[in-house]
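Below: one structure, written as structure tokens.
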Amino acid sequence: MQLFHPNSVHLLEGDFKRSHELNKSYLLAHNVDRFLAPFLVEAGLPSKAVKYGNWESSGLDGHSAGHYLSALAFAYAESGDAIFKERLDYMINELALCQEANGDGYVGGIPGGKAAWEKLAQGEVKAERFNLNGAWVPWYNIHKSYAGLKDAWLVTGNLQAKDVLLKLCDWTSSLVSKLSEEQIQQMLYAEHGGMNDVFAEVFQHTGDPAHLKLAKQFSHHELLNPLLEREDKLTGFHANTQIPKVIGYQRIAQIESESGWGQAAEYFWNNIVHKRSIAIGGNSVREHFHDTHDFSPMLESREGPESCNTFNMLRLSTLLYQDDGDSLYIDYYERALFNHILSLQHPRTGGYVYFTPARPRHYRVYSQPETSFWCCVGTGMENPNRYTELIYAHDDSSLAVNLFISSQVNWKGITLSQTTDFPSTSTSTLTVSTPKPKTFALRIRKPAWADDRFAITINGKKTKTSYENGYAIIERKWKDSDRIEVSFPMQLSVEQLPDGSPYYAFLKGPIVLAARYQSPEYDLPGLFAGPGRMEHIAPGSYYPVDKNPLLIGSPDDLLERLTPIPEKNNHFTLGGDIRPAPDSQIELEPFYQIHDSRYTLYWRTADESEYAQLAAELVAKQKRQTALQKLTIDSVAPGQQQPEVEHDFRGEGTRTGILGGRQFRESSQWFGYTLKNKQDTPVELVLTYFGGEWSKACNIEVNGRVIGELIVKADHPDTFVEKAFPIPDEIRSASGPRLALRIVAQENQTTPALFDIALRRVEQ
């Protein structure tokens, strides 16, 4: 199936149109010269404005400009508003000037990027998961520029963008031509976005073999090879590092179908959708894939599914759908679009969400214009402008209606208009406008959640349909004003977590239902993020796990607990035996409509016979968590991107990995972080290591002084162990607000793999 060009599909009045209009205002609240400043500085040209702060001034400088270009391109295609084209053309012209000043085809905003690229050209490849030759994920950063230039060219027809993009591709070819295949794979150890995807798409439009060669060179075998063998080795990996790679594998498979890479992409998609995603279509905890057999980390963390992951899963779903036109890809797309993507935008300010906690009774944080420049702000700027991407599709003789969203599409001189209030209602009306009768097949998706009541009428009369790949197919000669009514009554259902644990979500049709929770005791600090590096995480107190409602009884009877609220569409009361008894009636409503509030997505069930023991365990667990939280001053999760960047990671000879579903870092030399200090109270450093390792040893240095050593000799097989190192008072009191920690390998040794590092108050 083929996609429509963005200017062929337009939104009509409804939730998605309102979201798109709000996003236009958010985009226009920014200063393009501030986006461009990092590029001008790196090209040695005077900038016209001060660059933005936040992530745009902390090593990822320039990444937002590429997202912004893509957002402008799609906003212009959908709306036709000239201001978006004017901004886009201006930015492209400025980037062309930067490229000309650089003189070699390069254009980028990476701080000190030229030095990092020069090292690479000379064959120096020092790659960490999130660092390459001293720069923070430079390929990931510049990928946004490639993608933005590509969209400016292909979506709006800007030929200057094409020229800049192809020169940038030539620069890349020259750069990596000096590297061996082994060196390139070593380079790809660092996060690099969807570089293979963008090169493959450029090849699809240029036919230049050099671009296909780049696409293959930038395909990371560490991920690809297990997928080719249908092996799931994803646990512990940074999620949004992997998804863009797989988009590239599928794009290459479109070009070379015999490669087997398409099957690898399909295996990955099935794994993520069916084993690693929750009801809203999102995945990951703290940005990483957790064990498929244990979703508890997601249910306990304030850092739930990351928005960028779902953005990219929609791109992958689209490519897979194009191959065989199967509606199963649309079923996931719809679930993720309505429940996750549509929910990410604040309905008043237009701000975007980074993490969507699945932890009961937590909340989300929203970005603010000119303040927040996280990765999920970048994809957030793009999301509303891509709503029309997959509403319709076509081949030479048929038009597919994939999604029930008010919109219209122009195809072969025909206009098909769709009006619907879905999901508030369960019908959609399609109207044909054509100057003369035309014969073609209309393919209307029958959703996986629809039952036998799914029905189609044409001009008020029932019609016979055949079905294929989840679509009702109606082939006939269509006339002007033909009216197609589609009815798809939505039924209630429950969905258990994929790990089989006793947590359930309620749905009506594809729409996830959740409950608001508001209390003066548990407010919403940091609801709108400031400029701080980590202000995308909701910092408010956790709601106690022992106070969360438990649904006592059989999971088989969950739907009997729901009672519709007559005056509120898609709202239900949740009743039955609930413990502790709620202070007020629990009301479920569509999750995508919940904002400025704590909420609950998943509900724990328990039998009467197990309640007493379970309640006691939850009380004990909450006491442990509360005590630990009070003692902890600062902590780092080694091997995880954001915590390490926040704590000034540095090191030599380091390696990251996964053991027991947990990330670690180790080194044959040393690595270190900067920790917050408490000068006025005794503190200790607590390291978590795996007790089954053999013959590893390191010294622990704080502010240049050795405070202890950690020697591991398999003394605690199959166990994660915590060891505390008191920090001498004279170091702590003289150190100011920061402590410099170094983990240094002893002679001829490797440091133990460290899974957690915490600075805690010493219990008195």
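The values are calculated or read from the model by the stated rules, or taken from the named source; none is laboratory data. Bear in mind the structure is a predicted one, so any value in this text is a computation, not a measurement. Here the Cβ is made from the backbone with ideal geometry for all residues, glycine too, and neighbour counts use every protein chain on show.
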From Leu299, Leu344, grab the single residue that is more than 29 Å from Asn23 (Cβ to Cβ), in contact with a strand residue (DSSP E or B) (Cβ under 8 Å, 6 or more places away or on another chain) and crowded, with 22+ Cβ neighbours inside 10 Å.
-> Leu299
How many of the residues making up segment 152-189 are basic (Lys, Arg) and either farther than 24 Å from Ala73 by Cα or touching a strand residue (DSSP E or B) at 6+ places or on another chain (Cβ under 8 Å) (or both)?
-> 1
How about segment 1-52: which of its residues are farther than 23 Å from Ser343 by Cβ, aliphatic (A, V, I, L, M) and more than 27 Å from the chain's Cα centre (by Cα)?
-> Leu40, Val41, Ala43, Leu45, Ala49, Val50
Among the residues of segment 96-117, count how many are modelled with pLDDT of 95 or more, assigned to a helix (DSSP H, G or I) and among the charged types (D, E, K, R).
-> 1
Identify the residue in segment 559-581 that is hydrophobic (A, V, I, L, M, F, W, C) and in a loop (DSSP other than H, G, I, E, B) and, among all such residues, is surrounded by the fewest Cβ atoms within 10 Å (Cβ to Cβ).
-> Ala581
Failed item in (1) modelled with pLDDT under 95; (2) of a type in the set (Lys, Arg); (3) touching a Leu at 6+ places or on another chain (Cβ under 9 Å), with Lys85 passing the rest | (1)
Look through Asp480, Asp451, Asp421 and report the one residue that is surrounded by 14 or more Cβ atoms within 10 Å (Cβ to Cβ), without any contact (Cβ under 8 Å) to a residue 60 or more places away in the chain and either among the charged types (D, E, K, R) or not assigned by TED's automatic domain parsing to the domain that holds Pro590 (or both).
-> Asp480
If a residue has to be more than 18 Å from His67 (Cα to Cα) and modelled with pLDDT of 95 or more to count, how many in segment 123-143 make the cut?
-> 3
Qualifying positions in segment 458-477 - among the small types (Gly, Ala, Ser) and surrounded by fewer than 12 Cβ atoms within 10 Å (Cβ to Cβ) = Gly460, Ser466
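Pick out the one residue from Ile444, Ile414 that is at pLDDT 95 or above and either among the aromatic types (Phe, Trp, Tyr) or crowded, with 21+ Cβ neighbours inside 10 Å (or both).
After ruling out the rest, the residue left standing is Ile444.
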Out of segment 49-65, which residues are in contact (Cβ under 8 Å) with a residue 12 or more places away in the chain, closer than 20 Å to Arg533 by Cα and either touching an Asp or Glu at 6+ places or on another chain (Cβ under 7 Å) or in a helix (DSSP H, G or I) (or both)?
-> Lys51, Tyr52, Asn54, Trp55, Glu56, His63, Ser64, Ala65
How about segment 342-383: which of its residues are among the hydroxyl-bearing types (Ser, Thr, Tyr) and within 24 Å of Thr600 (Cα to Cα)?
-> Ser343, Thr349, Tyr352, Tyr354, Thr356, Tyr363, Tyr366, Ser367
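So which residues in segment 22-48 are of a type in the set (A, V, I, L, M) and in a loop (DSSP other than H, G, I, E, B)?
Passing the criteria: Ala29, Ala43, Leu45.
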Log entry, pairs with first residue in segment 509-525 being in the same structural domain as Ser541 (by TED's automatic domain parsing), second being among the acidic types (Asp, Glu) and part of a loop (DSSP other than H, G, I, E, B), beta carbons closer than 9 Å, six or more apart or on different chains, reads Gln518/Asp596; Ser519/Asp583; Leu524/Asp596
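Counting only residues that are outside any helix (DSSP H, G or I) and in contact (Cβ under 8 Å) with a residue 60 or more places away in the chain, how many does segment 286-306 have? So that I can check it myself, show each step before the final result.
Filtering segment 286-306 down to residues outside any helix (DSSP H, G or I) leaves 286-295, 301-306.
Checking the rest, the ones that are also in contact (Cβ under 8 Å) with a residue 60 or more places away in the chain come to 286-288, 290-295, 302-303, 306.
Total meeting the criteria: 12.
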In segment 609-628, is there at least one residue being polar (S, T, N, Q), closer than 25 Å to Tyr517 by Cβ and either at pLDDT 95 or above or in contact with a helix residue (DSSP H, G or I) (Cβ under 6 Å, 6 or more places away or on another chain) (or both)?
-> yes
Just one of Ser145, Ser79, Ser58 is under 22 Å from the mean Cα position of the chain (by Cα), surrounded by fewer than 24 Cβ atoms within 10 Å (Cβ to Cβ), closer than 24 Å to Ala29 by Cα and not hydrophobic (A, V, I, L, M, F, W, C); which is it?
-> Ser58
Being acidic (Asp, Glu) and either surrounded by fewer than 17 Cβ atoms within 10 Å (Cβ to Cβ) or farther than 28 Å from Gln642 by Cα (or both), is that true of even one residue in segment 193-204?
-> yes
Are any residues in segment 194-243 within 27 Å of Leu168 (Cβ to Cβ), among the hydroxyl-bearing types (Ser, Thr, Tyr) and assigned to a loop (DSSP other than H, G, I, E, B), and if so, which ones?
-> Ser219
Between residues in segment 163-189 that are of a type in the set (Val, Ile, Thr) and residues that are not in a helix (DSSP H, G or I), which pairs lie under 8 Å by C-beta distance while being six or more apart or on different chains?
-> Val164/Val107; Ile184/Phe218
When (1) farther than 20 Å from Asp61 by Cβ; (2) among the hydrophobic types (A, V, I, L, M, F, W, C); (3) part of a helix (DSSP H, G or I) are applied to Leu179, the one that fails is (3)
Assess whether Thr206 counts as being under 30 Å from Ser58 (Cα atoms), of a type in the set (Val, Ile, Thr) and out of contact with any strand residue (DSSP E or B) (no Cβ under 8 Å at 6 or more places or on another chain).
-> no
Can you name the number of the only condition in (1) outside any helix (DSSP H, G or I); (2) surrounded by fewer than 17 Cβ atoms within 10 Å (Cβ to Cβ) that Asn93 fails?
-> (1)
Of (1) touching a strand residue (DSSP E or B) at 6+ places or on another chain (Cβ under 8 Å); (2) touching a residue at least 40 places away in the same chain (Cβ under 8 Å), Ala116 satisfies all except one. Which?
-> (2)
Those residues of segment 434-476 which are among the small types (Gly, Ala, Ser) and part of a strand (DSSP E or B), in sequence order | Ala441, Ala455, Ser466, Ala472
Say we look at segment 749-764 and pick out the residues that are surrounded by fewer than 18 Cβ atoms within 10 Å (Cβ to Cβ) and farther than 21 Å from Gly657 by Cα; which of these is farthest from the chain's Cα centre (by Cα)?
-> Gln764
Sort through Val702, Val645, Val686 and tell me the only one that's modelled with pLDDT under 90 and surrounded by 16 or more Cβ atoms within 10 Å (Cβ to Cβ).
-> Val645
Test Ile731 against the stated conditions and say whether it is modelled with pLDDT of 95 or more, more than 36 Å from the chain's Cα centre (by Cα) and farther than 22 Å from Pro297 by Cβ.
-> no
Does Ile330 satisfy the criteria of being within 19 Å of Gly500 (Cβ to Cβ), of a type in the set (A, V, I, L, M, F, W, C) and not assigned by TED's automatic domain parsing to the domain that holds Leu513?
-> no
